[in-house]
Amino acid sequence: MSGLVLSELERLAALEEAERTFPMNEEEFRAFYELTSRPVWVYLTRMTGDSRLADDLLQEAYYRLLRTKATFESEDHRRNYLYRIATNLVHDQRRRPRADREPLVDAERQPAPDSLTGSESRAARRIDLARAMARMKPRERSMLWLAYAHGCSHEEIAEVLGLKTSSLKALLHRARRRLAGFMTPAGEGETR
Amino acid sequence: MTSRSCAHEPEIVAAVLGRRWPEACDASLRAHAEACEVCREVVEVAALLKEDYDEAREAVAQRDVPLPSAGQIWWRAAVHARAEAAQAATRPLVWGYGVAAACAVALLIAGVSLLWPSLLPAFGVMTTLVDWVSPVAASATDAVVATLKARLAIVIAVAAFLVATPVALYLALRED
């Protein structure tokens with residue numbers, strides 16, 4: 001019983017401390033999380049190819065956002081910063097040597113047998129895309145996803161990836177070409 | 001050399017992401033995309049990625065394991081932050097122990113070096129023995145003693161620095 005009271009006190013103390021030290025209050029955080037968590041999770045899943053790993057990285061990304069000392073001019077700025085954290089987490093994860101690293105094509109993306117009967121070509125296209133994305137460099141994957149799935153501007157992508165806006169156009173062009181190349185049957189053998 | 005970008009690219013991307021491509025789009029934009037290699041490629045890639053994104057967002061809602069709620073994330077972050085703060089609070093103490101141990105060793109060396117001249121007669125017998133056993137060792141000992149005597153001021157300064165360091169570190173790192 002005393003343990004229960006103590007943990008309750010600790011809980012309250014931790015929450016009070018959080019309200020004091022985190023750069024936003026819980027209400028603001030809830031609103032921001034509702035708005036961003038799904039797109040960020042999808043981004044993490046597509047970048048890592050592992051939905052379970054994306055779950056962990058999602059939590060870590062928000063934790064780092066809450067612990068940051070940075071100040072944000074707008075919600076967009078805060079969102080871009082979150083994507084930057086997420087991107088860095090993905091890159092850190094890839095640098096870490098892991099014997100049990102799973103392939104970049106997520107198991108959850110394999111079409112179920114019944115979905116094949118419904119829209120075979122769409123499912124096949126998605127798998128082709130997953131395979132093609134898996135062959136891209138991590139930075140290219142992030143770039144393409146942010147540009148063409150999220151519709152981020154070049155400035156926003158540069159901010160998220162820590163690149164110069166001036167060089168982004170060329171990098172994006174190259175990445176797009178490579179992806180388009182991998183998506184065509186002729187691009188199957190392409191490695192660079 | 002092929003062009004790297006096209007001025008219509010943002011328009012095309014916005015149309016694809018806004019599900020306006022191709023039917024609900026301006027005919028001139030469609031005509032341009034058919035003729036422009038860059039825009040054709042943009043349409044192809046953007047349409048694929050948008051479709052994948054939409055499908056993935058739908059899949060999140062249907063997962064067996066839903067995403068953690070905002071409250072859960074907030075709560076875990078609060079607990080994590082508190083644990084980190086507690087760890088940070090004990091860090092100066094750990095540093096203090098380490099520095100104190102280093103100081104103790106340094107003081108011992110300084111003390112021995114200070115008292116060395118008066119200790120020498122007491123070790124006279126031992127020195128003789130050492131001389132007898134190894135003249136090389138004896139000369140090395142003499143060299144160390146001579147060095148310590150010559151640099152006594154430096155030894156004392158180092159000792160004083162090592163004593164002052166933990167105090168300064170503690171004062172600098174303590175939170176309150």
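The values are calculated or read from the model by the stated rules, or taken from the named source; none is laboratory data. A quick note: this is a predicted structure, and the numbers were derived from the prediction, not measured. Cβ sites come from the backbone with ideal geometry, for glycine too, and all protein chains shown count toward neighbours.
Any residue in segment B:45-53 that is of a type in the set (A, V, I, L, M), in contact with a Ser or Thr (Cβ under 9 Å, 6 or more places away or on another chain), part of a helix (DSSP H, G or I) and surrounded by 14 or more Cβ atoms within 10 Å (Cβ to Cβ)?
Scanning segment B:45-53, I find no residue that is of a type in the set (A, V, I, L, M), in contact with a Ser or Thr (Cβ under 9 Å, 6 or more places away or on another chain), part of a helix (DSSP H, G or I) and surrounded by 14 or more Cβ atoms within 10 Å (Cβ to Cβ), so the answer is no.
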Quiz item: Which one is nearest to the chain's Cα centre (by Cα), of the residues in segment B:80-101 that are among the small types (Gly, Ala, Ser) and exposed (fewer than 13 other Cβ atoms within 10 Å of the Cβ)?
Solution: B:Ala88
Quiz item: When you go through (1) in contact (Cβ under 8 Å) with a residue 24 or more places away in the chain; (2) away from chain B (no Cβ under 14 Å); (3) farther than 20 Å from B:Ala70 by Cβ one by one for A:Arg46, which number turns out not to apply?
Solution: (2)
Quiz prompt | The one condition in (1) in a helix (DSSP H, G or I); (2) surrounded by 17 or more Cβ atoms within 10 Å (Cβ to Cβ) that B:Leu67 fails to fulfil | solution = (1)
Quiz prompt | Condition met for A:Leu35 (part of a helix (DSSP H, G or I) and within 15 Å of the chain's Cα centre (by Cα)) | solution = yes
Quiz item: in a helix (DSSP H, G or I) and closer than 26 Å to A:Thr21 by Cα: does that describe A:Arg52?
Solution: no
Exercise. Could you list, in sequence order, all residues of segment B:20-64 that are farther than 18 Å from A:Tyr148 by Cβ and of a type in the set (Lys, Arg)?
Key: B:Arg30, B:Arg63
Quiz item: Only one of these conditions is not met by B:Val112: (1) surrounded by 11 or more Cβ atoms within 10 Å (Cβ to Cβ); (2) under 30 Å from A:Lys69 (Cα atoms); (3) modelled with pLDDT under 85. Which number is it?
Solution: (2)
Quiz item: Of everything in segment B:11-39 that's facing chain A (nearest Cβ under 9 Å) and touching a helix residue (DSSP H, G or I) at 6+ places or on another chain (Cβ under 9 Å), which residue is nearest to A:Arg178 (Cα to Cα)?
Solution: B:Val38
Quiz item: In this structure, is B:Ala77 surrounded by 14 or more Cβ atoms within 10 Å (Cβ to Cβ), within 7 Å of another protein chain (Cβ to nearest Cβ) and assigned to a helix (DSSP H, G or I)?
Solution: yes
Practice problem: Would you mind telling me which numbered condition in (1) at pLDDT below 90; (2) crowded, with 16+ Cβ neighbours inside 10 Å; (3) not aliphatic (A, V, I, L, M) B:Cys39 fails? | Solution: (1)
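Can you tell me which residue within segment A:18-31, out of those that are within 8 Å of another protein chain (Cβ to nearest Cβ) and of a type outside the set (Lys, Arg), is surrounded by the fewest Cβ atoms within 10 Å (Cβ to Cβ)?
Residue satisfying both the conditions and the ranking: A:Thr21.
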